[in-house]
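Beneath this line is the structure, given in structure tokens, with notes to follow.
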Amino acid sequence: MLLTDGEGTPIGLDVGSASPHEVNLIEDLVSQSQVDCPRQTRLLYDKAADSGPLRMRLSWHGIHLIAPYRKRTNGSQKRLSAGDQSHYSSRWKVERTFSWLKEYRRLGMRWEYHAHLFKGFWQLGCLFTILKNF
């Protein structure tokens, strides 16, 4: 999982097992942020993060989760507010960062057995991406 700032620069990285759901890994990712910035008040994520308890836990830390709501089993679905929708439209910057990182062959598919080696290659890819953009 990768955490970026508003311009798409990687500021946090966490590698975990594939078994736990992403909702359980988001708080660890936010706590491992490499940049301590007081303006980190919004977290953009996809539909996988649509969880009421997660929204509550992040709000205790002063972070507003902006993620589209999933369709419920009864057919109802909430929509993002206009303000949240305008922020969510800048998610392309995060996707662009992922495409930059996928240019490195080792990051496109996990070839390493050990997680610390895989995380090391991701950190190296993030470093090259940061240096390439400055």
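Which of the residues that make up the stretch 95-115 are free of Cβ contacts under 8 Å to residues at least 12 places away in the same chain and out of contact with any Lys or Arg (no Cβ under 9 Å at 6 or more places or on another chain)?
Residues satisfying the conditions are 95, 99, 102, 103, 105, 109, 110, 113, 114.
Would you tally the residues in the stretch 48-72 being assigned to a helix (DSSP H, G or I), over 12 Å from the mean Cα position of the chain (by Cα) and closer than 21 Å to residue 20 by Cα?
7
If you scan the stretch 99-116, which residues turn out to be in a helix (DSSP H, G or I), surrounded by 14 or more Cβ atoms within 10 Å (Cβ to Cβ) and not charged (D, E, K, R)?
Across the stretch 99-116, the qualifying residues are 100, 101, 107.
Please give the number of the condition residue 34 fails out of (1) in contact with a strand residue (DSSP E or B) (Cβ under 9 Å, 6 or more places away or on another chain); (2) modelled with pLDDT of 65 or more.
Evaluating residue 34 over (1) in contact with a strand residue (DSSP E or B) (Cβ under 9 Å, 6 or more places away or on another chain); (2) modelled with pLDDT of 65 or more leaves (2) as the failure.
The values are calculated or read from the model by the stated rules, or taken from the named source; none is laboratory data. No experiment lies behind these values; they were computed from the predicted model shown. Because the Cβ atoms are built from the backbone with ideal geometry, glycine has one as well, and the counts that use them run over all protein chains shown.
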